[in-house]
Amino acid sequence: MKVSISGVRGIFDGDLSLQHILEFSRAFSNMIKKNTCVLVRDTRSSSRIIGETASAALMEQGIDVQNLGIAPTPFAFREARIYGAGLVITASHNPLEWNGLKFILDGRGIFEHELQEMQKLLTNKFDVKSIAKEFSITSNYVEELSKLIGIVDGNSKIAVDTTGGAASGYASTVLTKIGCDVKAINDVHGESSRTPDPTSDELVDLRNLVVSSKCDVGFAFDLDGDRLVVVDKNGQKLSPDTTLLLCVSKAIELGVKKIVISADTSSAVKELASANTCDVTYSKVGEANVINVMLQNKIIAGGEGSSGGFIMSDFNMCRDGMLASAMITSILKNKRFDECLQIASKYHLIRSKVSADSNLHNMILDGIIEDLEHECSSVDHLDGAKGIFDDDSWVLIRGSNTEHSMRVSVESKNEEKAKSLYKLYEQKIREVYEKVKRTPNN
């Protein structure tokens, strides 16, 4: 089972049990201020029983449950602005045998210190408080997003693949409402021809649909509707950084002058922002870290390049796949879309990982930093170590928060240079790792 600010995830009836659901739901109930909580689930076969268990745990602790049933994660975040808290039954893009919980406070995901506080409250012993009630509610998300975007120009033809997940029916409705001709596949809850993760899936059916129907663009969602992958008119998957770039372009069109992006985001986003007098602030990698910096600096737009996740805090304080799809659709027929693709094509970014025991991450990083400081023009320590070689090239090395591995991101405008730098630092990490493993007391 994995526990992080992204939530609790595990293989249901394996390392994730209903007992875990009870314990985490009870602990979370003690952090809810308004004694009411939105509940949402995705379409996994285990989500209903997990949802019923979580609901019972909340109600026994005196928390009224506002149940949205099957709905995308962004719906829960949107409604949590009203009710103050939310609990989502999902493992997001993980395989179907996985499931878990996402926690929402004050309309945003929990922060690290809140996770630590919640973990301290985990216990098998509990006192039943006054039993609360469960209510069935609906969301105005579709209408509110449609109103935000308005009717788009150009009679765009859009292909949509929701993998039978929580966004099924909703994503196509939003895009239809803003004036698009929508062709949808895998758009019935629980029925899909592909895996939950659109990033790793080849999306063969969607890509074929885009080409055969001569669509302007295709959108693929993950199982809970917060992650989006874009397919261009030629049936090619765009990188997650390009997805974020397109959303940032629309945000700039709407008047945004400041954005927050994670440290591993492509420099293409900074190039676009700079060309439009938009200031860039960096955060640690991770959706919650991006949002934290946005809130601290009162910046309404941001995102994470590695997931393509775009956040517009005035609308939703989370990565929102449907918001992203609608924003991208609204610039399809003007020059912004092609400009973004042209900027993105100049950069070559590699992200991967090297296996390494989590207990040794800091020592490995210390061993790498000396080389970075010698070889780079500057080294940034916001998140791990980011070495800047020149205006066009950088490498970011950091310990994973969820796995026994070191994360490596490399970018350059020269593809061969990017490959060479990645190979170089992958080898350096392996060498330092072997060295620190031989250090006494390790």
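Rule-based calculations on the coordinates, nothing more; no lab input. Everything quoted here is computed from the prediction, not taken from an experiment. Quick reminder, even Gly has a Cβ in these numbers, built from the backbone with ideal geometry, and neighbours come from all protein chains shown.
Here the spin labels are modelled as points 7 Å beyond Cα on the Cα-Cβ line, and at S345 and R430 they lie 3.5 nm apart. Only one residue of I259, S400, N208 has its Cα farthest out toward the positive end of the dipole of the chain, where Lys and Arg carry +1 and Asp and Glu -1 on Cβ, and that residue is I259. Pairs of lysine residues in the range 348-437 that meet both criteria, 8 or more places apart or on different chains and Cα atoms under 24 Å apart, total 22.
Across the range 84-224, Cα pairs under 8 Å and at least six residues apart give a relative contact order of 26 percent.
Placing unit charges on each Cβ (+1 for Lys and Arg, -1 for Asp and Glu) gives the chain a dipole about its Cα centre, and among F219, I32, A273 the Cα reaching farthest toward its positive end belongs to I32.
Over the residues of the chain, compute the C-alpha Rg and express it relative to 2.2 N^0.38 Å. Intermediate values should be presented prior to the final figure.
On the way: Rg = 21.9 Å, N = 442, 2.2 N^0.38 = 22.3 Å.
Against the compact-globule rule of thumb, the ratio is 0.98.
Would you mind checking the pairs K214/K333; K183/K333; K284/K333 and listing those with alpha carbons more than 24 angstrom apart? With Cα atoms farther than 24 Å apart: K284/K333. Relative contact order of the chain, taken over Cα pairs closer than 8 Å and 6 or more residues apart, is 12 percent.
Calculate, for D392 and D279, the FRET efficiency according to 1/(1 + (r/R0)^6) with r their C-beta to C-beta distance and R0 25 Å; round to the nearest 0.05.
On the way: r = 21 Å, r/R0 = 0.84.
Given R0 = 25 Å and the Cβ-Cβ separation, E is 0.75.
When peptides 290-302, 369-381, 159-171 are ranked by their average number of other Cβ atoms within 10 Å per residue, the highest-first order is 159-171, 290-302, 369-381.
Only helices enter this figure: runs of n ≥ 4 DSSP H residues, each worth -39500 (n - 2.57), summed and divided by the residues of the chain, yield -11500 deg cm²/dmol at 222 nm to the nearest 500.
Shown here is the pair-distance distribution of the range 289-442: with all Cα-Cα distances grouped in 10 Å bins from zero up to the longest one, the shares run 10, 30, 32, 21, 6, 1, 0 percent.
I'm checking a number: the convex hull volume of the Cα atoms of the range 8-113, normalised per residue, in Å³. What is it? Please report the intermediate quantities before stating the final value.
Numbers: hull volume 9.4 nm³, N = 106.
Value for the range 8-113: 89 Å³ per residue.
Assign unit charges at the C-beta atoms only (+1 for Lys and Arg, -1 for Asp and Glu), then state the dipole size of the chain relative to its Cα centre in Debye, rounded to the nearest 20.
Details: 51 positive and 60 negative charges, 98 e Å.
Dipole of the chain, to the nearest 20 debye: 480 debye.
For the range 2-136, what's the relative contact order in percent, using C-alpha pairs closer than 8 Å and at least 6 residues apart?
Working: 266 pairs, mean separation 46.7, N = 135.
It comes to 35 percent, rounded to a whole number.
Counted residue by residue at 0.36 nm each, then reduced by the alpha carbon distance between them, the extension gain from S136 to F111 reaches 6.2 nm. Between the listed residues S377, F389, A418, the Cα displaced farthest toward the positive end of the dipole of the range 348-437, a dipole computed from Cβ unit charges relative to the Cα centre, is found at A418. By the rule of a C-alpha distance below 17 Å, with chain neighbours fewer than 8 residues away ignored, the lysines paired with K34 are K129, K133.
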